[in-house]
Amino acid sequence: MESSVQFRVSINRRWPAQKLGLPPAETRWARYNASFKAEEHTPDSLLSEVVKGYAFTAVLGGCLGPCCGTWCANAEHREITDHCGRPIGYRRHQHFQSAQFIALDFDTGDERSTFGHLLGRPLIVGHGSFLYTTLSHTSDHPKSRVVFITDAPIIDPDHYRRSKRAVMAQLPWGDAPVHNPARLFYGSHPEEGQAHYLGRVLPLEVVGQLIV
């Protein structure tokens, strides 16, 4: 059943539809990671942001150490436990507060990463919210991302990792790095990207049944 469930998610509108490079050559990461803002969305409104090329990630807070919540480069403070020297909302796994989505990448570059194949999977067609082609997708080398919106937020980062592993175990040809609960997901290409809206919701009860 389709749902208009509302949830919080962090959106980044800086440099849409661009994949940043690797440091140290890429110098924009600090500005980029500090540009995620938590907002209220529904599955269709999040997809609207994604097709514009905007990235998204979990809801982010701050660390509990002294000076957290501000940019702080004091060398002495770096020795303080839990000090990170980054502002509240900065994309960092220690700042994870909650996530109400599970996003899985399918980068095989063959038929298994096409919408046609993915929409034949019962878990996706029954509980997926939307699919879209990633920035590196081409017609000859298809790459897609499937986004599941859950019916309630997950607030424990370890449980979020286990949940992602459990869902991916049902779709094992995908690629789902789970070590960082604050992993970002780039949007699609505004002109060349494709998207398919399902509007389904993944109940956490179903996720719990998948966790072994």
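The values are calculated or read from the model by the stated rules, or taken from the named source; none is laboratory data. Bear in mind that the values here come from a model prediction, so they are computed numbers and not experimental data. Virtual Cβ from ideal backbone geometry, glycine too; neighbours counted across all protein chains shown. When the accessible area is computed, the model is the full protein with side chains, heavy atoms only, and any ligands, DNA or RNA have been set aside. Shrake-Rupley method; radii C 1.70, N 1.55, O 1.52, S 1.80 Å.
Solvent-accessible area assigned to carbon and sulfur over the chain amounts to 51 percent, based on a 1.4 Å probe. Sequence-ordered 3J(HN,Hα) estimates for segment 108-117 from the Karplus curve with 6.51, -1.76 and 1.60 and θ = phi - 60° stand at 5, x, 9, 4, 5, 9, 8, 4, x, 6 Hz, glycine and proline given as x.
Among 51-60, 84-93, the peptide with the highest mean count of other Cβ atoms within 10 Å heads the list, and the full ranking is 51-60, 84-93. In this structure the chain gives 48 Å² per residue of accessible area when probed at 1.4 Å with all protein chains present.
Using the Karplus relation 6.51 cos²θ - 1.76 cosθ + 1.60 with θ = phi - 60°, the per-residue 3J(HN,Hα) values for segment 155-162 come to 10, 9, x, 5, 5, 5, 4, 5 Hz, with x marking Gly and Pro.
If each DSSP helix of 4+ residues adds -39,500 (n - 2.57) and the sum is divided by the residues in the chain, what number results at 222 nm, nearest 500 deg cm²/dmol?
Numbers: 6 runs with 44 residues, N = 212.
Dividing the helical sum by the residues of the chain leaves -5500 deg cm²/dmol.
With a 10 Å cut-off between alpha carbons and a GNM built on the chain, which of PRO190, PRO16, PRO24 moves the most? Result for the chain, Cα springs under 10 Å: PRO24 fluctuates most. For segment 56-96 and segment 23-44, write down the distance between their C-alpha centroids in whole Å. Here the two parts' Cα centres lie 15 Å apart.
Of LYS143, LYS37, which has the most accessible area with a 1.4 Å probe, and how do the rest follow in descending order? Intermediate values should be presented prior to the final figure.
Numbers: LYS143 45, LYS37 120 Å².
Output order, biggest surface exposure first: LYS37, LYS143.
Each peptide in 67-78, 123-134 gets a packing score, the mean of other Cβ atoms within 10 Å over its residues, and the list from highest to lowest is 123-134, 67-78.
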